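Enquirer: My questions all concern the structure below.
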Amino acid sequence: VGGIGNTWHSLRSVYLNPALRRMQLALTVSMVGDWAFSTAVTVYAYQAGGAQLVGGWFAVRLVLMALLAPMASSVADHFPRKTVLVVSDLVRAVLIAGAGLLVLRDAPALAIIVLSTVTGLIGCVSRPAQLAWMPSLTNEPEELTAANGAYSTTKGLAFLVGPTIGAVLVATTGIAAVFALNVVSFLVSATVLAGIRAVTGDLPPEPGRHGALREMTGGFREIAGNGDLLLVAGMVCAQNVVHGTTIVLGVTWAVEILERGPEAVGVIDTVFGAGAIAGGVLAIARAGRNRL
(Lines give C-alpha, C1' and ligand atoms only; values in the text may rest on other atoms or scores of the structure.)
Protein backbone atom coordinates (compact mmCIF):
# COMPACT_ATOMS: atom_id res chain seq x y z
CA VAL A 1 0.00 0.00 0.00
CA GLY A 2 2.85 2.36 0.91
CA GLY A 3 4.48 1.67 -2.46
CA ILE A 4 1.24 2.45 -4.30
CA GLY A 5 0.87 5.67 -2.32
CA ASN A 6 4.43 6.73 -3.13
CA THR A 7 3.89 5.90 -6.80
CA TRP A 8 0.70 7.95 -6.95
CA HIS A 9 2.28 10.93 -5.16
CA SER A 10 5.28 10.92 -7.50
CA LEU A 11 3.16 10.58 -10.63
CA ARG A 12 0.86 13.33 -9.41
CA SER A 13 3.79 15.73 -9.00
CA VAL A 14 4.89 14.98 -12.58
CA TYR A 15 1.51 15.45 -14.22
CA LEU A 16 0.67 18.59 -12.23
CA ASN A 17 3.69 20.22 -13.84
CA PRO A 18 2.45 21.55 -17.24
CA ALA A 19 5.84 21.23 -18.95
CA LEU A 20 6.45 17.68 -17.70
CA ARG A 21 2.89 16.73 -18.57
CA ARG A 22 3.41 17.86 -22.16
CA MET A 23 6.75 16.08 -22.31
CA GLN A 24 5.24 12.79 -21.10
CA LEU A 25 2.28 13.09 -23.49
CA ALA A 26 4.56 13.73 -26.46
CA LEU A 27 6.78 10.81 -25.51
CA THR A 28 3.80 8.48 -25.10
CA VAL A 29 2.29 9.32 -28.48
CA SER A 30 5.56 9.18 -30.42
CA MET A 31 6.78 5.97 -28.78
CA VAL A 32 3.49 4.13 -29.33
CA GLY A 33 3.67 5.02 -33.02
CA ASP A 34 7.35 4.17 -33.18
CA TRP A 35 6.91 0.71 -31.61
CA ALA A 36 4.05 -0.02 -34.00
CA PHE A 37 6.34 1.09 -36.83
CA SER A 38 9.19 -1.10 -35.53
CA THR A 39 6.87 -4.11 -35.52
CA ALA A 40 5.77 -3.40 -39.09
CA VAL A 41 9.35 -2.99 -40.36
CA THR A 42 10.41 -6.18 -38.57
CA VAL A 43 7.58 -8.07 -40.26
CA TYR A 44 8.48 -6.48 -43.61
CA ALA A 45 12.16 -7.38 -43.24
CA TYR A 46 11.28 -10.97 -42.27
CA GLN A 47 9.01 -11.33 -45.29
CA ALA A 48 11.77 -9.93 -47.54
CA GLY A 49 14.75 -11.88 -46.21
CA GLY A 50 13.88 -14.00 -43.19
CA ALA A 51 15.52 -13.95 -39.76
CA GLN A 52 18.93 -13.29 -41.33
CA LEU A 53 17.76 -9.94 -42.73
CA VAL A 54 16.04 -9.01 -39.46
CA GLY A 55 19.17 -9.76 -37.44
CA GLY A 56 21.47 -8.08 -39.93
CA TRP A 57 19.30 -4.98 -40.14
CA PHE A 58 19.11 -4.56 -36.38
CA ALA A 59 22.85 -5.14 -36.00
CA VAL A 60 23.73 -2.51 -38.62
CA ARG A 61 21.13 -0.12 -37.19
CA LEU A 62 22.43 -0.40 -33.64
CA VAL A 63 26.08 -0.10 -34.68
CA LEU A 64 25.30 3.07 -36.63
CA MET A 65 23.32 4.47 -33.70
CA ALA A 66 26.22 3.73 -31.33
CA LEU A 67 28.67 5.51 -33.64
CA LEU A 68 26.35 8.45 -34.18
CA ALA A 69 25.24 8.92 -30.56
CA PRO A 70 28.25 11.02 -29.44
CA MET A 71 27.86 13.31 -32.44
CA ALA A 72 24.11 13.52 -31.85
CA SER A 73 24.67 14.52 -28.22
CA SER A 74 27.06 17.26 -29.33
CA VAL A 75 24.53 18.55 -31.87
CA ALA A 76 21.78 18.55 -29.25
CA ASP A 77 24.00 20.70 -27.02
CA HIS A 78 24.35 23.46 -29.60
CA PHE A 79 20.68 24.22 -30.21
CA PRO A 80 17.64 24.95 -28.01
CA ARG A 81 16.28 21.69 -26.61
CA LYS A 82 12.75 22.28 -27.80
CA THR A 83 13.96 23.03 -31.31
CA VAL A 84 15.94 19.78 -31.41
CA LEU A 85 12.97 17.71 -30.21
CA VAL A 86 10.40 19.31 -32.52
CA VAL A 87 12.61 19.25 -35.62
CA SER A 88 13.58 15.63 -34.91
CA ASP A 89 9.90 14.63 -34.82
CA LEU A 90 9.10 16.52 -38.03
CA VAL A 91 12.06 15.09 -39.96
CA ARG A 92 11.17 11.56 -38.89
CA ALA A 93 7.56 12.12 -39.95
CA VAL A 94 8.74 13.11 -43.43
CA LEU A 95 11.11 10.13 -43.73
CA ILE A 96 8.48 7.62 -42.63
CA ALA A 97 5.94 9.15 -45.02
CA GLY A 98 8.48 8.62 -47.81
CA ALA A 99 9.05 5.02 -46.75
CA GLY A 100 5.28 4.45 -46.71
CA LEU A 101 4.99 5.71 -50.28
CA LEU A 102 7.76 3.33 -51.32
CA VAL A 103 5.85 0.43 -49.73
CA LEU A 104 2.71 1.37 -51.68
CA ARG A 105 4.72 1.46 -54.92
CA ASP A 106 6.37 -1.93 -54.24
CA ALA A 107 9.84 -0.38 -54.19
CA PRO A 108 12.89 -2.57 -53.45
CA ALA A 109 13.06 -3.69 -49.83
CA LEU A 110 16.56 -2.20 -49.43
CA ALA A 111 15.28 1.34 -50.06
CA ILE A 112 12.57 1.00 -47.42
CA ILE A 113 14.93 -0.51 -44.86
CA VAL A 114 17.50 2.24 -45.48
CA LEU A 115 14.88 4.96 -44.90
CA SER A 116 13.72 3.18 -41.75
CA THR A 117 17.32 3.05 -40.51
CA VAL A 118 17.89 6.75 -41.19
CA THR A 119 14.72 7.50 -39.24
CA GLY A 120 16.17 5.73 -36.20
CA LEU A 121 19.45 7.62 -36.57
CA ILE A 122 17.64 10.98 -36.60
CA GLY A 123 16.03 9.96 -33.32
CA CYS A 124 19.48 9.76 -31.69
CA VAL A 125 19.38 13.50 -30.99
CA SER A 126 16.03 13.36 -29.17
CA ARG A 127 16.98 11.45 -26.03
CA PRO A 128 20.07 13.61 -25.18
CA ALA A 129 18.03 16.78 -25.72
CA GLN A 130 15.22 15.46 -23.53
CA LEU A 131 17.61 14.43 -20.74
CA ALA A 132 19.36 17.80 -20.85
CA TRP A 133 16.08 19.72 -20.74
CA MET A 134 14.27 17.73 -18.05
CA PRO A 135 16.11 19.12 -14.96
CA SER A 136 15.10 22.68 -15.81
CA LEU A 137 11.45 21.62 -16.14
CA THR A 138 11.30 20.21 -12.61
CA ASN A 139 10.95 22.01 -9.28
CA GLU A 140 12.90 19.62 -7.03
CA PRO A 141 15.25 16.59 -7.35
CA GLU A 142 12.52 14.10 -6.36
CA GLU A 143 10.34 15.40 -9.18
CA LEU A 144 13.12 14.74 -11.69
CA THR A 145 13.48 11.17 -10.43
CA ALA A 146 9.72 10.72 -10.64
CA ALA A 147 9.75 12.13 -14.17
CA ASN A 148 12.42 9.63 -15.21
CA GLY A 149 10.38 6.85 -13.60
CA ALA A 150 7.30 8.07 -15.46
CA TYR A 151 9.36 7.94 -18.66
CA SER A 152 10.21 4.29 -17.96
CA THR A 153 6.53 3.54 -17.39
CA THR A 154 5.60 5.45 -20.54
CA LYS A 155 8.19 3.50 -22.50
CA GLY A 156 6.81 0.24 -21.12
CA LEU A 157 3.26 1.32 -21.98
CA ALA A 158 4.35 2.11 -25.52
CA PHE A 159 6.11 -1.27 -25.72
CA LEU A 160 2.86 -2.86 -24.50
CA VAL A 161 0.45 -1.03 -26.81
CA GLY A 162 2.54 -0.12 -29.88
CA PRO A 163 3.47 -3.63 -31.08
CA THR A 164 -0.10 -4.79 -30.55
CA ILE A 165 -1.46 -1.96 -32.69
CA GLY A 166 1.23 -2.64 -35.28
CA ALA A 167 0.42 -6.34 -35.39
CA VAL A 168 -3.32 -5.71 -35.76
CA LEU A 169 -2.84 -3.14 -38.54
CA VAL A 170 -0.34 -5.35 -40.41
CA ALA A 171 -2.78 -8.27 -40.27
CA THR A 172 -5.88 -6.26 -41.24
CA THR A 173 -4.85 -3.31 -43.41
CA GLY A 174 -1.19 -3.73 -44.33
CA ILE A 175 2.23 -2.34 -43.47
CA ALA A 176 1.65 1.08 -45.09
CA ALA A 177 -1.12 1.82 -42.57
CA VAL A 178 1.35 1.45 -39.70
CA PHE A 179 3.72 3.86 -41.42
CA ALA A 180 0.88 6.38 -41.69
CA LEU A 181 0.08 5.94 -37.99
CA ASN A 182 3.69 6.71 -37.05
CA VAL A 183 3.68 9.83 -39.23
CA VAL A 184 0.63 11.09 -37.34
CA SER A 185 2.19 10.19 -33.97
CA PHE A 186 5.30 12.26 -34.69
CA LEU A 187 3.25 15.21 -35.91
CA VAL A 188 1.16 15.13 -32.72
CA SER A 189 4.31 14.84 -30.61
CA ALA A 190 5.90 17.85 -32.33
CA THR A 191 2.74 19.90 -31.78
CA VAL A 192 2.59 19.05 -28.07
CA LEU A 193 6.31 19.76 -27.55
CA ALA A 194 6.00 23.09 -29.33
CA GLY A 195 3.56 24.18 -26.61
CA ILE A 196 6.14 23.84 -23.80
CA ARG A 197 7.14 27.29 -22.59
CA ALA A 198 10.85 27.85 -23.18
CA VAL A 199 12.93 28.28 -20.03
CA THR A 200 16.59 28.93 -19.31
CA GLY A 201 17.45 25.23 -19.48
CA ASP A 202 16.22 25.13 -23.06
CA LEU A 203 19.08 27.31 -24.22
CA PRO A 204 22.30 25.70 -25.49
CA PRO A 205 25.42 26.06 -23.32
CA GLU A 206 28.30 28.32 -24.18
CA PRO A 207 30.28 27.05 -27.19
CA GLY A 208 33.10 24.74 -26.21
CA ARG A 209 36.71 25.70 -26.70
CA HIS A 210 38.18 22.21 -27.01
CA GLY A 211 37.04 21.20 -30.48
CA ALA A 212 34.23 19.00 -31.75
CA LEU A 213 36.07 15.70 -31.24
CA ARG A 214 36.82 16.48 -27.60
CA GLU A 215 33.18 17.42 -27.02
CA MET A 216 31.93 14.19 -28.59
CA THR A 217 34.26 12.02 -26.52
CA GLY A 218 33.77 13.93 -23.27
CA GLY A 219 31.04 11.58 -22.07
CA PHE A 220 33.25 8.53 -22.56
CA ARG A 221 36.07 10.13 -20.59
CA GLU A 222 33.68 11.03 -17.78
CA ILE A 223 32.32 7.48 -17.60
CA ALA A 224 35.79 5.93 -17.72
CA GLY A 225 36.92 8.04 -14.77
CA ASN A 226 33.89 7.29 -12.57
CA GLY A 227 33.43 3.74 -11.30
CA ASP A 228 29.73 4.21 -10.55
CA LEU A 229 28.99 5.59 -14.01
CA LEU A 230 31.05 2.79 -15.57
CA LEU A 231 28.99 0.20 -13.71
CA VAL A 232 25.69 1.75 -14.83
CA ALA A 233 26.94 2.05 -18.43
CA GLY A 234 27.99 -1.60 -18.38
CA MET A 235 24.56 -2.65 -17.13
CA VAL A 236 22.86 -0.65 -19.88
CA CYS A 237 25.12 -2.23 -22.51
CA ALA A 238 24.33 -5.73 -21.22
CA GLN A 239 20.62 -4.92 -21.26
CA ASN A 240 20.81 -3.78 -24.87
CA VAL A 241 22.68 -6.94 -25.90
CA VAL A 242 19.83 -9.01 -24.48
CA HIS A 243 17.28 -6.70 -26.09
CA GLY A 244 18.91 -7.13 -29.49
CA THR A 245 18.82 -10.91 -29.29
CA THR A 246 15.17 -10.98 -28.18
CA ILE A 247 14.15 -8.93 -31.23
CA VAL A 248 15.39 -11.63 -33.58
CA LEU A 249 14.16 -14.39 -31.27
CA GLY A 250 10.68 -12.86 -31.13
CA VAL A 251 10.02 -12.93 -34.87
CA THR A 252 11.62 -16.39 -35.23
CA TRP A 253 9.55 -17.72 -32.34
CA ALA A 254 6.33 -16.30 -33.81
CA VAL A 255 6.88 -17.77 -37.28
CA GLU A 256 8.88 -20.96 -36.84
CA ILE A 257 7.97 -22.21 -33.35
CA LEU A 258 4.43 -20.96 -32.69
CA GLU A 259 3.62 -20.94 -36.44
CA ARG A 260 1.38 -17.90 -36.00
CA GLY A 261 2.95 -15.73 -38.69
CA PRO A 262 5.26 -12.70 -38.38
CA GLU A 263 2.35 -10.54 -37.18
CA ALA A 264 2.43 -12.42 -33.86
CA VAL A 265 5.73 -10.70 -33.02
CA GLY A 266 3.64 -7.76 -31.79
CA VAL A 267 1.89 -9.98 -29.27
CA ILE A 268 5.22 -11.34 -28.02
CA ASP A 269 6.64 -7.81 -27.64
CA THR A 270 3.59 -6.93 -25.54
CA VAL A 271 4.81 -9.30 -22.82
CA PHE A 272 8.09 -7.39 -22.58
CA GLY A 273 6.10 -4.16 -22.38
CA ALA A 274 4.16 -5.45 -19.37
CA GLY A 275 7.44 -6.15 -17.56
CA ALA A 276 8.74 -2.67 -18.40
CA ILE A 277 5.62 -1.07 -16.93
CA ALA A 278 6.08 -3.01 -13.68
CA GLY A 279 9.70 -1.84 -13.49
CA GLY A 280 8.71 1.76 -14.14
CA VAL A 281 6.10 1.71 -11.38
CA LEU A 282 8.70 0.36 -8.95
CA ALA A 283 11.15 3.11 -9.94
CA ILE A 284 8.50 5.79 -9.36
CA ALA A 285 7.70 4.37 -5.91
CA ARG A 286 11.40 4.46 -5.03
CA ALA A 287 11.55 8.11 -6.09
CA GLY A 288 9.00 8.98 -3.41
CA ARG A 289 11.28 7.49 -0.73
CA ASN A 290 14.43 9.02 -2.24
CA ARG A 291 16.18 5.62 -2.31
CA LEU A 292 17.80 5.54 -5.73
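The values are calculated or read from the model by the stated rules, or taken from the named source; none is laboratory data. Computed from a prediction, not measured in an experiment: that's the story for all the values here. Cβ placement follows ideal geometry from the backbone for every residue including glycine, while neighbour counts extend to all protein chains displayed. All accessible areas refer to the heavy atoms of the entire protein, side chains included, with ligands and DNA or RNA removed. Shrake-Rupley method; radii C 1.70, N 1.55, O 1.52, S 1.80 Å.
Enquirer: Please specify each residue of segment 45-68 satisfying the condition of being touching a Ser or Thr at 6+ places or on another chain (Cβ under 8 Å) and open to solvent by less than 30 Å² (accessible area, probe 1.4 Å). Full working, then the answer.
Expert: Step one: filter segment 45-68 for residues touching a Ser or Thr at 6+ places or on another chain (Cβ under 8 Å), giving 51, 54, 57, 60-61, 64.
Residues satisfying the conditions are ALA51, VAL54, TRP57.
Enquirer: Identify, please: which residue in segment 69-89 is of a type in the set (Ser, Thr, Tyr) and touching a helix residue (DSSP H, G or I) at 6+ places or on another chain (Cβ under 8 Å) and is, among those, most open to solvent (accessible area, probe 1.4 Å)?
Expert: SER73
Enquirer: Continuing with the same structure: If I filter segment 200-217 for residues that are surrounded by fewer than 19 Cβ atoms within 10 Å (Cβ to Cβ), modelled with pLDDT of 75 or more and not aromatic (Phe, Trp, Tyr), do I get at least one hit?
Expert: There is no residue in segment 200-217 that is surrounded by fewer than 19 Cβ atoms within 10 Å (Cβ to Cβ), modelled with pLDDT of 75 or more and not aromatic (Phe, Trp, Tyr).
Enquirer: With the requirement that a residue be of a type in the set (Val, Ile, Thr) and within 17 Å of LEU27 (Cα to Cα), what does segment 70-116 give you?
Expert: The answer is THR83, VAL84, VAL86, VAL87, VAL91.
Enquirer: Would you be able to say whether some residue in segment 126-135 is touching a residue at least 12 places away in the same chain (Cβ under 8 Å) and under 30 Å from ALA171 (Cβ atoms)? Walk me through how you get there before you give the answer.
Expert: Applying the first criterion (touching a residue at least 12 places away in the same chain (Cβ under 8 Å)) to segment 126-135 yields 126, 128-130, 132-135.
Still in the list and also under 30 Å from ALA171 (Cβ atoms): 126.
So far as segment 126-135 goes, yes, one or more of its residues are touching a residue at least 12 places away in the same chain (Cβ under 8 Å) and under 30 Å from ALA171 (Cβ atoms).
Enquirer: Just one of the numbered conditions (1) under 22 Å from LEU187 (Cβ atoms); (2) surrounded by 19 or more Cβ atoms within 10 Å (Cβ to Cβ) is not true of GLU143; which one?
Expert: Only one criterion is unmet by GLU143, namely (1).
Enquirer: In addition: Can you tell me which residue among VAL75, VAL41, VAL84 is aliphatic (A, V, I, L, M) and at pLDDT below 85? I'd like the intermediate steps shown before the answer.
Expert: Numbers: VAL41 fails: at pLDDT below 85; VAL84 fails: at pLDDT below 85.
From the options VAL75, VAL41, VAL84, the qualifying one is VAL75.
Enquirer: Of these, GLY149, GLY156, which one is out of contact with any Ser or Thr (no Cβ under 8 Å at 6 or more places or on another chain), surrounded by 19 or more Cβ atoms within 10 Å (Cβ to Cβ) and modelled with pLDDT under 85?
Expert: Values: GLY149 fails: out of contact with any Ser or Thr (no Cβ under 8 Å at 6 or more places or on another chain).
Criteria check complete, one pass: GLY156.
Enquirer: Still on this structure: If you check every pair at least six apart or on different chains, which have Cβ atoms under 7 Å apart with a residue in segment 141-161 that is at negative phi first and a residue that is open to solvent by 50 Å² or more (accessible area, probe 1.4 Å) and outside any helix (DSSP H, G or I) second?
Expert: As it stands, the answer is GLU142/ASN290; THR145/LEU292, since those pairs meet every condition given.
Enquirer: Can you work out which of the residues in segment 219-262 that are of a type in the set (S, T, N, Q) and modelled with pLDDT of 80 or more is farthest from TYR44 (Cα to Cα)? Working first, answer last.
Expert: At the first step, the residues of segment 219-262 found to be of a type in the set (S, T, N, Q) are 226, 239-240, 245-246, 252.
Of the ones still in play, those that are also modelled with pLDDT of 80 or more are 226, 239.
Numbers: ASN226: 42, GLN239: 25 Å.
In this case the residue turns out to be ASN226.
Enquirer: Next question. Taking interchain pairs and intrachain pairs at least six residues apart, which have beta carbon atoms under 7 angstrom, with the first residue in segment 48-59 and closer than 11 Å to VAL251 by Cα and the second in a helix (DSSP H, G or I) and of a type outside the set (Ser, Thr, Tyr)?
Expert: ALA51/VAL248; ALA51/VAL251; VAL54/ALA45; VAL54/VAL248; VAL54/VAL251; GLY55/VAL248
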